Amino acid sequence: METLIKKRIKQVKKGDQNAFAEIVDIYKDKIYQLCYRMLGNAHEAEDIAQEAFIRAYVNIHTYDMNKKFSTWLYRIATNLSIDRIRKKKPDFYLDAEVSGTDGLNMYSQVAADVSLPEDELETLELQQTIQGEILKLPDKYRTVIVLKYIDELSLNEISEILTIPVGTVKTRIHRGREALRKQLRHL
Amino acid sequence: MSCSSEYVQLLHKYLDHELTSDEEKIIKEHLHSCEACYQHFHELEKAVAFVQSTSHIEAPLNFTEGVMNSLPKEKRTVSWNR
């Protein structure tokens with residue numbers, strides 16, 4: 001896998017733009033998922049995930065071929081997500097009321113378009129609740145929790161992505177887990 | 001509430017797969033006798049399971065196409081940049 005990636009990166013560095021499409025295909029779900037869980041909004045997640053790949057392409061000459069490509073790509077996507085969280089207006093959430101709709105929110109708009117069987121609906125609601133609780137975490141805890149449990153990365157990889165010591169990663173994961181424990185224990 | 005932060009630390013080490021066999025023994029015995037810590041542990045595992053249950057989403061259709069269409073045009077300067 002890494003060998004294939006490195007081969008494609010060499011092609012991209014030589015100016016072969018099409019070789020980049022394969023790289024995007026391989027990582028798009030992971031990167032999109034990371035952005036979605038960090039931001040909690042499909043439109044923003046797509047925007048930031050695309051931006052991450054564009055930045056990777058534009059800055060490909062700064063990527064060190066001796067290191068793991070995915071770590072570098074995750075770093076770009078994580079930093080962009082955190083930047084977006086910090087810039088974001090706090091009222092721009094899916095469960096914010098849509099103006100002029102009298103209590104309707106974006107969830108109900110989304111849900112109205114498709115009819116779902118009861119248990120799927122419950123799962124969806126549960127997923128949204130959990131997503132909402134993840135979004136309540138301060139961004140430094142949210143980041144490590146998402147990287148560890150949703151993108152399933154090792155503590156060492158997370159440490160490299162965030163350029164912080166492994167000990168700090170552990171502390172943040174512990175605190176993030178404790179916060180989630182309190183938030184989710186009544187579910 | 002759990003009885004001591006020392007045990008809570010061990011619970012987290014367990015979740016990170018970092019317990020030594022001695023520590024594993026200590027915490028296992030403790031969990032048998034201490035209901036508060038057992039409850040704490042159960043809640044932590046539940047929270048982790050909930051978070052993991054959300055980990056199945058895919059990028060939207062035409063995502064790759066969207067990226068490829070947004071890339072800057074191929075740079076002619078590439079050859080003399082290196």
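Odds and ends about this structure:
- Residue in the range A:49-76 that is most open to solvent (accessible area, probe 1.4 Å), counting only those that are in a helix (DSSP H, G or I), over 21 Å from B:THR54 (Cα atoms) and among the hydroxyl-bearing types (Ser, Thr, Tyr): A:THR62
- Only one of A:GLU97, A:GLU46 that is open to solvent by 40 Å² or more (accessible area, probe 1.4 Å) and modelled with pLDDT of 70 or more: A:GLU46
- Checking A:LYS68 against (1) at the interface with another protein chain (Cβ under 9 Å from one of its Cβ atoms); (2) out of contact with any helix residue (DSSP H, G or I) (no Cβ under 6 Å at 6 or more places or on another chain), the condition it does not meet: (1)
- Residue that is farthest from the other protein chains (Cβ to nearest Cβ) [pool: residues in the range B:28-56 that are among the hydrophobic types (A, V, I, L, M, F, W, C) and either closer than 16 Å to A:ILE145 by Cβ or in contact (Cβ under 8 Å) with a residue 60 or more places away in the chain (or both)]: B:ALA49
- Residue among A:LEU147, A:LEU187, A:LEU135, A:LEU180 that is on the phi < 0 side of the Ramachandran plot, facing another protein chain (nearest Cβ under 8 Å) and assigned to a helix (DSSP H, G or I): A:LEU180
- Count of residues meeting criterion [among the β-branched types (Val, Ile, Thr), within 11 Å of chain B (Cβ to nearest Cβ) and surrounded by 19 or more Cβ atoms within 10 Å (Cβ to Cβ)] in the range A:150-177: 3
- Breaking point among (1) within 16 Å of A:LEU80 (Cα to Cα); (2) of a type outside the set (Phe, Trp, Tyr); (3) not in a helix (DSSP H, G or I), for A:ARG37: (3)
The values are calculated or read from the model by the stated rules, or taken from the named source; none is laboratory data. Fair warning: this is a prediction, and the values are worked out from it, not measured in the lab. Please note: Cβ atoms are built from the backbone with ideal geometry, for glycine as well, and neighbour counts cover all protein chains shown. Just the protein is used for accessible areas: all its heavy atoms, side chains included, with ligands, DNA and RNA removed. Shrake-Rupley method; radii C 1.70, N 1.55, O 1.52, S 1.80 Å.
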